[in-house]
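For reference, the structure is listed below as structure tokens.
Please treat every number below as a calculation from the coordinates, not as lab data. Quick caveat: nothing in here was measured; it's all calculated off a predicted structure. Methodologically, a virtual Cβ is constructed for each residue, glycine included, from the backbone with ideal geometry; neighbour enumeration extends over all protein chains shown.
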Amino acid sequence: MPAPIINRADTLIFAQWIIPVAANSAPLANYAIAINDGKIAAILPAAEAEAITASETLHLKHHALMPGLINAHGHAAMSLFRGMADDKALDTWLNDHIWPAEGQWVNEDFVRDGSELAIAEMLRSGTTTFSDMYFFPEITAQVARKAGIRAQLSFPIFDFPCAWGSGPDDYFRKGLALLDDHKYSELINIAFGPHAPYTVGDEAMQRIVTFAAELDVPIQIHLHETQQEVDDAVAQLGQRPIARLAALGLLGPKTQCVHLTALNDEDIATLASHGCHAVHCPESNLKLASGFSPIEKMRKAGINVALGTDGAASNNDLDLFGEMRTAAMLGKAVANDASALPDSYALEMATLNGAKALGIDHLVGSIEVGKQADIIAIDLSGLEQQPIYKPTSQIVYTNISHQVRYSWIMGRKVLDNGELTTLDSRDIVARAQLWRKKISGE
Ligand SMILES: CSC[C@H]1O[C@@H](n2cnc3c(O)ncnc32)[C@H](O)[C@@H]1O
Ligand SMILES: [Zn+2]
């Protein structure tokens with residue numbers, strides 16, 4: 001169906017390129033996007049767009065417009081632990097450093113300040129939706145609302161007490177209240193966040209399956225993060241974690257499986273047949289030496305693969321452009337095939353596939369008429385991007401996140417010529433420095 005002809009817009013953006021990332025769409029040169037009521041109202045050649053009257057018009061002569069990035073897995077508030085425990089394997093990192101530090105420092109103020117630091121970093125580097133799994137998700141929700149960013153917040157579930165509560169009963173009670181609080185929210189979705197197969201037993205998993213089906217809510221879980229996790233499960237329970245979750249009924253088209261290294265062909269077939277989504281976190285997997293995820297094999301099996309940074313304590317940045325580049329490089333090496341994970345697929349992983357994983361692809365993830373206006377503008381005039389044969393190659397393979405200049409979420413401008421419009425960077429930095437002093441005992 002042809003797009004309706006419009007003659008006025010809230011925002012009209014002319015750009016050198018538009019990268020729609022929609023199915024069967026190629027980059028468009030010298031086009032414009034019109035935004036009305038937070039939605040994409042028209043995508044049309046620049047010459048035709050001249051006829052539109054708009055409240056605000058931008059002429060971005062050297063820029064590419066593309067869908068805002070979707071960071072499909074992270075722990076925002078952990079930004080306050082950035083660089084606190086480097087160069088450790090997952091097991092030592094979690095058990096000897098991160099969990100003791102979380103036990104000592106994590107409270108509402110920590111989550112407020114850490115989430116704000118992370119959201120500021122994500123907005124500045126082109127992320128318009130993030131998926132989070134952390135303690136005090138109600139506080140992260142407040143900060144996300146203040147920032148104007150889109151979010152999925154997975155409330156934590158462990159078999160044991162944590163900073164947020166006393167055990168599964170408490171987590172379900174608080175999480176279900178959070179779901180109720182956000183049932184009419186346009187930007188915030190709530191999900192179940194069982195931490196991992198090794199921290200959540202069958203009883204709590206079964207309760208999640210029942211609630212998630214009844215309420216039609218997604219589940220996000222760390223899964224097959226290391227070979228050790230799989231070996232320990234086989235030794236203790238006689239089953240690989242993916243097989244156990246399948247038998248419990250936890251795997252389905254609303255299940256987002258994070259990490260997925262140490263996969264055999266049967267694991268991949270199980271994930272594919274249940275319609276699960278994979279969330280690849282290549283930099284965290286590399287830094288913690290967790291293992292290698294067979295992205296090309298999963299893609300060929302028909303599994304939707306999204307991209308995440310994980311927390312800043314294991315990455316150590318929240319730059320999804322850098323993550324795309326790492327994913328592309330690593331994907332080729334793991335597949336032993338330089339044609340694996342091309343720029344077009346890396347872009348999909350960070351946009352449309354992220355939207356599919358979070359169940360919001362009817363709203364965002366691509367630039368299409370009728371979708372919400374979650375759009376970023378990247379300045380491609382830097383010398384590091386010259387010369388430009390193909391803008392998508394420059395976007396994925398060059399160092400580009402500092403070139404993000406504008407960002408709109410539901411049509412609201414949250415980054416204006418590189419400046420955050422909803423958050424105060426200086427105040428955020430000052431609070432992060434205070435936390436560093438406190439945590440270091442100074
Ligand atoms: C359920 S709240 C989040 C919980 O997960 C911890 N965490 C952060 N990164 C990882 C990872 O890569 N694997 C497993 N657990 C991780 C975080 O510190 C919180 O305790
Ligand atoms: Zn994680």
Could you please find all residues in region 148-172 being buried (at least 24 other Cβ atoms within 10 Å of the Cβ) and aliphatic (A, V, I, L, M)? I149, A151, L153, I157
Do we find a residue being out of contact with any Asp or Glu (no Cβ under 7 Å at 6 or more places or on another chain), over 29 Å from A346 (Cα atoms) and within 15 Å of ligand 1 (Cβ to nearest atom) anywhere in region 117-135? yes
Before we move on, is A289 surrounded by fewer than 16 Cβ atoms within 10 Å (Cβ to Cβ), within 14 Å of H224 (Cα to Cα) and of a type in the set (A, V, I, L, M)? yes
Go through region 48-67 and give me each residue that's farther than 21 Å from K390 by Cβ, touching a strand residue (DSSP E or B) at 6+ places or on another chain (Cβ under 8 Å) and among the small types (G, A, S). A49, A54, S55
Do we have any residue at all in region 237-255 that's of a type in the set (G, A, S), touching a Ser or Thr at 6+ places or on another chain (Cβ under 8 Å) and over 19 Å from L153 (Cα atoms)? yes
For region 121-147, name all the residues that are within 14 Å of the chain's Cα centre (by Cα) and of a type in the set (G, A, S). S125, G126, S131, A144
Against the conditions (1) surrounded by fewer than 24 Cβ atoms within 10 Å (Cβ to Cβ); (2) among the hydrophobic types (A, V, I, L, M, F, W, C); (3) within 16 Å of ligand 2 (Cβ to nearest atom), where does I52 fall short? Just the number, please. (3)
State all residues of region 359-394 that are assigned to a loop (DSSP other than H, G, I, E, B) and buried (at least 23 other Cβ atoms within 10 Å of the Cβ); if no residue qualifies, say none. V364, G365, I367, A373, D374
Across (1) among the small types (G, A, S); (2) over 22 Å from S115 (Cβ atoms); (3) within 12 Å of ligand 1 (Cβ to nearest atom), G165 clears everything bar (2)
Search region 256-298 for residues being more than 16 Å from ligand 1 (Cβ to nearest atom) and of a type in the set (V, I, T), and hand back the single one that is farthest from H73 (Cα to Cα). T270
Among helices (runs of 4 or more DSSP H) completely within region 246-358, the ones holding 1 or more residues that are free of Cβ contacts under 8 Å to residues at least 24 places away in the same chain are 265-273, 295-300, 320-335
Scanning region 58-84 for residues that are small (G, A, S) and either surrounded by fewer than 17 Cβ atoms within 10 Å (Cβ to Cβ) or part of a helix (DSSP H, G or I) (or both), which turns out farthest from ligand 2 (Cβ to nearest atom)? G83
